[in-house]
Amino acid sequence: MTLVPSSFYDESCAREYLAQVVDINADTQVCVEFLPQFDSYFIYAGPDEPALLRVLRTLMSIPDYNKVLCDWDGKTLSLAIAQGRSLMLSNTYKAEDFVTVMYYVLMVMKSLQLNPELSTLCFLGSLSSEHQIALYHYFKAVRLL
């Protein structure tokens, strides 16, 4: 999957954009969704909608200035971060345990120079109370959406 700003997007090149970041077969279905909040096109190999697309659709509904939204399915972390109306990062990471999830979230926040103690971390879906408590050691709040 990839995110292409509308100023660079050409509908006839969607397959080529995706092929630059992932290996796809000639018969692979390529899906495109316009995300007006980022003035960008999200391109992915279908038919299943990636969790990162759900994260990006939901991100701007978070009222905080620093928006940090995650989705973790036990194998993959989908993470997007925005400041105000500017998307700072959207990516997926292989994360088969929660310690790895915490590592990636904290590493990305550090690289973007965001203070976790001043940020609310939001998760799509549910988290165990044990995982929520672990996150409260680093973040001012944890919110489940």
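Readers should treat all values here as calculations from the given coordinates under stated rules, not as data from a laboratory. Everything numeric in this text was worked out from a predicted model, so none of it was measured. Because the Cβ atoms are built from the backbone with ideal geometry, glycine has one as well, and the counts that use them run over all protein chains shown.
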With Cβ to Cβ distances under 15 Å as the rule, what net charge do the other residues near Ser119 carry (K, R +1; D, E -1)? +2
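Using 0.36 nm per residue, how much length does the chain from Val99 to Ser126 gain when fully extended, once their Cα-Cα distance is taken away?
Details: separation 27, 0.36 × 27 = 9.72 nm, distance 1.63 nm.
That works out to 8.1 nm of additional length.
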Averaged over every viewing direction, what's the projected area of the C-alpha convex hull for the chain? Give it in nm², one decimal, please. 8.8
Going by C-beta contacts inside 10 Å, put Val32, Val22, Val101 in order with the fewest on the left. Val22, Val32, Val101
How much of the DSSP bridge set in the chain is antiparallel, in percent, rounded to the nearest 5? 80
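Quote the FRET efficiency, to the nearest 0.05, computed for Tyr136 versus Arg85 with a Förster distance R0 of 22 Å and r equal to the Cβ-Cβ distance. Don't skip to the answer; put the middle values down first.
Working: r = 28 Å, r/R0 = 1.27.
That gives a FRET efficiency of 0.20.
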On a straight-distance basis, which aspartates and glutamates could pair with Lys75 in a cross-link, Cα separation under 12 angstrom, same-chain partners fewer than 8 positions away excluded? Glu96, Asp97
Residue-normalised 222 nm signal for the chain, counting each DSSP H run of n ≥ 4 as -39,500 (n - 2.57), nearest 500 deg cm²/dmol, is -7500 deg cm²/dmol
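Note the full-extension length gain between Lys110 and Asp23 as 0.36 nm times their separation in residues minus their Cα-Cα distance, in nm to one decimal. Mind showing how you got there, number by number?
Working: separation 87, 0.36 × 87 = 31.32 nm, distance 3.06 nm.
Computed gain between Lys110 and Asp23 is 28.3 nm.
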Modelling each spin label as a point 7 Å along the Cα-to-Cβ direction, I'd like the Asp48/Arg15 distance in nm, to one decimal. 2.3
